[in-house]
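Notes for the one structure printed next.
Any read-out appearing in this document is the output of simple, stated calculations on the displayed coordinates, not a laboratory observation. What you are looking at is a predicted structure, and each value in this text was computed from that prediction instead of being measured. Here Cβ is always computed from backbone atoms with ideal geometry, including for glycine, and neighbour counts include all displayed protein chains.
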Amino acid sequence: MTNNGFIQIAIYLGVLLLLVKPLGTYMARVYEGKSIGLDRVLGPLERLMYRLCGVRADQEMTWKSYAVALLIFNFAGLLAVYLLQRTQAMLPLNPAQMPAVSPDSSFNTAVSFATNTNWQGYGGESTMSYLTQMLGLTVQNFLSAATGMAVLVALIRGLARRSAQTIGNCWVDLTRSTLYILLPLSLVLAVVLVSQGVVQTFEPYHTVSLLQPAKDANGALVTEQTLAVGPAASQVAIKQLGTNGGGFFNVNSAHPLENPTPLSNFLEMLSILLIPAALCYTFGRMVGDTRQGWVVLAAMTIVLVGLLVPCVVLEQAGNPALKPLGVNQTALDTPPQLTQSGGNMQGKEVRFGIVNSAIWATATTAASNGSVNSMHDSYTPIGGLVPMWLIQLGEVILGGVGSGLYGMLAFVIIAVFIAGLMVGRTPEYLGKKIEAFEMKMASLAVLVPCTAVLVGTAVAVSLPQGASSIRDPGPHGFSEVLYAFSSAGNNNGSAFAGLSANTPFYNLALGLAMLVARYWTIIPVLAIAGSLAAKRTVPIGAGTLPTHTPLFVVLLIAVVVVVGALTFIPALALGPIVEHLMLPR
Amino acid sequence: MLQHIRASLMALLLFTVVTGVLYPLVVTCVAAAVFPTKATGSLLYRNGTPIGSSLIGQPFDDPKYFWGRPSATTPMPYNAAASSGSNLGPLNPALLDAVKAHVEALKRTDPDNPASIPVDLVTASGSGLDPHISPAAAEYQVRRVARMRSMTEDQVRAFVAAHTRGRQFGFLGEPCVNVLQLNLALDMRKP
């Protein structure tokens, strides 16, 4: 790795960690209903929304009521996105005259955006009208993110309260997440992105003349270039901040009009991990012991860095298969002329080079973001295994906004349970006894996504409808299917995009995987929240395992990694690992 | 239950107005007021007609021009209405064939160039629209362009240098050369 590579990684992680405490403190105040300054401006709007919805902000909900309200709200959003896509041809703001989207693709996209997955079976600039992008996709970017944050806050309340029947009001949590956290951050980020060249316009696509006319696939002369534009910046900002990841354009943040400069790239990468990291601190504050938040963040960060380094190193080493062709893949840094990032540049952009592509690939899969600035499908076998395995770990290495931390807290419950077995005591976490019900629910939350991934992949490669979409020969083709189900089954959304996934089979199968993975995590987590809230706290005794120590960081990492390894190494062996062994020496 | 349904529908409507209408409109208005050129696609004009965007590459295979990255968009390269990468795996024979074809095309137009070819010049970009090549990839082509345009290599190098951007703030990203703007400048040069 080059010196500049180390500097860029260090600055990225440094800025991220510096922002954890201020933003985490702010978010804790938002959820505790304290004064935050912004409520003086947006408070009237917040109260108007409660009044129009017939919601009493001080009326709290049981976990079941909370879950039912969230599910209905999510289903309504899903339905709205589906209908928008089916009717967009008849609606305004459609300058490129996009026809209605097919029913199976509309279903897949509606599920995908409601579940915070944002898998893209379609190409944005060649499928969606401006209206669908705004009213459908942008709105769900906010609301699916707010849903994840609401569930997390409910779980935190469950841990913090004692002998309580309720875990908060879901409408209040959704509204405050959106108005006071996601909206202001997105506004600022969107404007800064425009300053770098991200488009934000309602003008139709531009037509420009080519300097040198070209030939198309049929040999016909092409003299013009159509430039797709649109209201992209507003959508890009929230898709990064809300760990959504669905791009305005087909190639997502590799597109120069979605991510034009190294600075826009830095801010978009920072936004991927910003809220998930800061929520760890929010958690610590709300349970009254910030060390508990730092411990979880430390475990996440250690795994992130541990996987980032091999990804950068292997991509920088380049593709051994290109060596005999006389291609120079060495990193050169002798300005002005002899400078290149070198490495495996297939599917990567020159302005980002290897380092910024690999940081992004790692961050976007550690979080359940799934936006890309390079094509993961063209990564070296092990370079591509890193993002795939980060997804398979259950999206708990920072993970999605809210969902990452509530997923990690399920692993924490499993970790204290295992530790309890080792010392022969009833496991406790933050003063709450962890009993059979919590363990069952935590196991569900951890194992259901794993099942969706493995069963989905097995079915897809066994059926002709699944196998016929594979384009790459050999083990890489299997990797493409495994990646697709890993991505859908953990609500990530990135892809090994060589797989032709916009078919009825994949649209339905991946849609189902997304639904199962999202809601069969949310329901058990809310059940844990309700059950823990009702418990009394037990005093700390000699047999209590402290959960704020480096020892616990190690234990937590071990549980996450062992579950991820035992579940997925056999499948990975058939894909990227075999492919790695096939590389020419 | 009914109460939840009513609240859900109303909340969805209100959130749609706030995040789906007001928010994009506010960003669009601010963008149009403060960054009008950038907000609409950073277009380049010659004699009043738009001839490209400084952020979107164009296809070049004439030896008198600098060539950009190979593009995997369909049906023609650099199709800015349907961005796409190649998404070929590292061992896919189609990838190796494509790289070989680009290597041969470069060698054909400059047979006695002794340098090895910078990797970004023969591998498809992620977007298919990459406006840049690395300074090393530009340097590789300086000989050919100088010969085709009857210029000295140092004259061409001066043009390349004028269209090379270093790392942002000195450390962020990678140095890159804007191919379209470089070729436009070469064409504008008085012979």
Checking rank on A:380-390, A:199-209, with mean other Cβ inside 10 Å and highest first, the result is A:380-390, A:199-209
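Semi-axes, largest first, in whole Å: what does sqrt of 5 times each Cα gyration tensor eigenvalue give for the stretch A:403-581?
Semi-axis lengths for the stretch A:403-581 are 37, 18, 11 Å.
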Taking the dipole of the protein assembly as shown about the Cα centre (Lys, Arg +1; Asp, Glu -1; charges at Cβ), the one of A:LEU45, A:LEU93, A:MET128 that reaches farthest to the positive side is A:LEU45
Most exposed to least, judged by fewest other Cβ atoms within 10 Å, A:PHE411, B:PHE66 sort to A:PHE411, B:PHE66
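Give me the inter-chain shielding for B:42-52: mean count of other chain Cβ atoms within 10 Å, whole number please.
Shielding by partners across B:42-52 averages 3.
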Computed on Cα atoms, the radius of gyration and Dmax of the protein assembly as shown in angstrom are 25.9, 88
Cβ density ranking, 10 Å radius, fewest first, applied to A:MET300, B:MET1 yields B:MET1, A:MET300
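Would you mind ranking A:CYS53, B:CYS176 so that the residue whose beta carbon has the fewest other beta carbons within 10 Å leads the list?
On the way: A:CYS53 20, B:CYS176 29.
Ranking A:CYS53, B:CYS176 by Cβ neighbours within 10 Å, fewest first, gives A:CYS53, B:CYS176.
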Residues meeting the amide H criterion for A:LYS215 (H placed from the backbone, H to H distance under 5 Å, 5 or more places apart or on another chain) are A:VAL222
The answer for the per residue Cα convex hull volume of the stretch A:325-391, in Å³, is 86
Partner shielding of A:73-85, taken as the mean number of other chain Cβ atoms within 10 Å, equals 2
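For n ≥ 4 DSSP H runs only, could you compute -39500 (n - 2.57) per run for chain A, divide by its residues and tell me the 222 nm figure to the nearest 500?
On the way: 20 runs with 341 residues, N = 585.
So the helix-based figure for chain A works out to -19500 deg cm²/dmol.
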Between the alpha carbon centres of the stretch B:91-113 and the stretch A:226-279 the gap in Å comes to 33
Counting only residues 5 or more apart in sequence or on a different chain, those whose built amide H sits under 5 Å from that of A:THR261 are none
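With r as the distance between the Cβ atoms of A:VAL309 and A:ARG40 and R0 = 45 Å, compute the FRET efficiency 1/(1 + (r/R0)^6) and round to 0.05.
Computed FRET efficiency for A:ARG40 and A:VAL309: 0.50.
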Partner shielding of A:188-200, taken as the mean number of other chain Cβ atoms within 10 Å, equals 6
Dividing the mean separation of Cα pairs under 8 Å (6+ apart) by the residue count of chain B yields a relative contact order in percent of 20
Summing -39500 (n - 2.57) over every DSSP H run of at least 4 in chain B, dividing by its residue total and rounding to the nearest 500, the 222 nm mean residue ellipticity is -13000 deg cm²/dmol
Here the averaged projected area of the stretch A:474-549, based on the convex hull of its alpha-carbon atoms and given in nm², is 8.6
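Applying a 10 Å radius around every beta-carbon, put A:425-436, A:92-103 in order of their mean neighbour count, most first.
In decreasing order of mean packing, A:425-436, A:92-103 become A:425-436, A:92-103.
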Taking Cα atoms, the helix B:135-148 axis meets the longest principal axis of chain B at an angle in degrees (rounded to 10) of 50
Here Rg/Rh (Cα, Kirkwood) for the stretch A:447-508 equals 0.93
Plugging the Cβ-Cβ distance of A:LYS21 and B:VAL26 into 1/(1 + (r/R0)^6) at R0 = 35 Å yields, to the nearest 0.05, a FRET efficiency of 0.75
Mean separation of Cα contacts under 8 Å (at least 6 apart) over the residue count of the stretch A:357-460, i.e. the relative contact order in percent, is 20
In whole Hz, the Karplus estimates of ³J(HN,Hα) for the stretch A:307-317 (6.51, -1.76, 1.60; θ = phi - 60°; x where Gly or Pro) are 9, 5, 4, x, 5, 4, 4, 6, 5, 5, 5
For A:TYR122, the residues 5 or more places away or on another chain with a placed amide H closer than 5 Å to its own amide H are none
The relative contact order of chain A, taking Cα pairs under 8 Å that sit 6 or more residues apart, comes to a percentage of 19
Going residue by residue through the stretch A:366-382, the Karplus relation 6.51 cos²θ - 1.76 cosθ + 1.60 with θ = phi - 60° gives ³J(HN,Hα) values, rounded to whole Hz and with x marking Gly or Pro, of 5, 6, 8, 6, x, 6, 9, 10, 8, 8, 4, 4, 9, 5, 4, x, 7
Note to self: C-alpha centroids of the stretch B:163-191 and the stretch A:401-477 sit apart, in Å, by 49
Karplus ³J(HN,Hα) for the stretch B:95-106 (6.51 cos²θ - 1.76 cosθ + 1.60, θ = phi - 60°; Hz, whole; x = Gly/Pro) runs 5, 5, 4, 5, 4, 4, 5, 5, 4, 5, 4, 5
